[in-house]
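Some notes on the structure that comes next.
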Amino acid sequence: MKDFFTYESPYRTGNFITLSIFEYILPIALILLFAIVLIHYRNKIKTLHKVDSRIRIIVGSIFLIIYASHYLLRFNLYQFDSIILPFQLCSISMFLAIILLYTKNKVLYSFVLYTGFLGGIISLLTPIIGYDASYYRYYQFYIAHGLLILTPIYFTAVHDFYPKYKDTIIAFYIFQGLIVFMGIFNYFNGTDFMFVFLDATKIEKFPLIRYFGGIPFYIIPGEIAVVLSFYGMYQIMRKIEKQSVGDKKEVTYEVV
């Protein structure tokens, strides 16, 4: 049991435990199930404001505990090492998602939708955890990323939040600002937050970069992917919003 909370960075130890098929698929299936249940009962939650408030407070508190535990356990091992900084994109998105749950801020929603939702899905499909289900880190990773994905779904389904064009542009510029900041920070500190770096030796840590032109040229297809992701998500959400409005009109006509 004492090994359950082992929390050393696998990048520091070089010890990466491979997940079984079951450990890989089960969390994804559970998150998908939660999303389906949430969408199915969205109309009931909309009419029960106290239930909505309790859900957001409870989920936000669980999210905060799970999020904070990651850095507390890392701090216990590495103290003020750069590894404890919450500068990865998913970490930033998680922090904002927690605030979103408590505040219902629409600008935060747009940023979490574009960066957290997409980033969370990518993380689930290509998990680099280093630990299997025998360790707390496995559960921390999947619960945190699951909540990161479900949070914008909740606000879309229950609160009818949809990204506006202006909010999309703001979210995009904030993201670009983070990229610039992380690039400068990584350059002076030898870190690799948000995978933005110019150090050629980093290719040993991230060999897939070779397929995207190597360092520093991989940044170009990366930026193209970001633009396409924002554009694609915006168009998808616009279609969902139009469909939702159409469904509401049909219900109104039926009642009349």
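Laboratory data are not the source of any read-out in this text; all were calculated from the coordinates shown. Being a predicted model, the structure only gives us computed values, none of them experimental. Here the Cβ is made from the backbone with ideal geometry for all residues, glycine too, and neighbour counts use every protein chain on show.
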Using only Cα positions of the range 1-76, each an equal point scatterer, no hydration layer, compute I(q)/I(0) via Debye at q = 0.12 Å⁻¹ and quote the log10 values to two decimals. -0.59
What value, in deg cm²/dmol to 500, does the helix sum -39500 (n - 2.57) over DSSP H runs of n ≥ 4 give at 222 nm once divided by the residues of the chain? -23000 deg cm²/dmol
Taking the range 21-122, which chymotrypsin sites (Phe, Trp or Tyr not before Pro) meet the DSSP loop condition and have no more than 15 other C-beta atoms within 10 Å? Tyr41, Phe80
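Kindly put Arg137, Arg238, Arg54, Arg74 in sequence by how many other C-beta atoms sit within 10 Å of each C-beta, fewest to most.
Ranking Arg137, Arg238, Arg54, Arg74 by Cβ neighbours within 10 Å, fewest first, gives Arg54, Arg238, Arg74, Arg137.
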Cross-link reach from Lys242 to lysines, straight Cα distance under 27 Å and at least 8 residues apart if same chain, gives Lys44, Lys46, Lys104, Lys106, Lys164, Lys166
The range 1-141 pair-distance distribution - Cα-Cα, 5 Å bins, rounded %: 2, 8, 14, 20, 22, 16, 10, 5, 3, 1, 0
Say each of Ser244 and Phe181 gets a label point 7 Å from the Cα, pointing the same way as Cα to Cβ; how far apart are those two points in nm? 2.9
Can you compute the equivalent ellipsoid semi-axes for the range 164-256, i.e. the square root of 5 times each eigenvalue of the Cα gyration tensor, sorted largest first and rounded to whole Å? 41, 14, 9
For the Cα atoms of the chain, what angle does the longest principal axis make with the long axis of helix 89-103, in degrees from 0 to 90, nearest 10? 30
For the range 133-173, compute Rh as the Kirkwood radius over C-alpha pairs and then the Stokes-Einstein diffusion coefficient at 20 °C and 1.002 mPa s; write the answer in µm²/s, rounded to an integer. 175
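Based on other C-beta atoms within 10 Å, arrange Asp132, Asp167 from fewest to most.
Asp132, Asp167
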Exposure-ranked with fewest Cβ neighbours within 10 Å first, Thr6, Thr115 stand as Thr6, Thr115
Rounded to the nearest Å, the spacing of the alpha-carbon centers of the range 172-230 and the range 1-50 is 27
Can you give the charge dipole size of the chain about its Cα centre, rounded to the nearest 20 debye, using +1 on the beta carbon of Lys and Arg and -1 on the beta carbon of Asp and Glu? 760
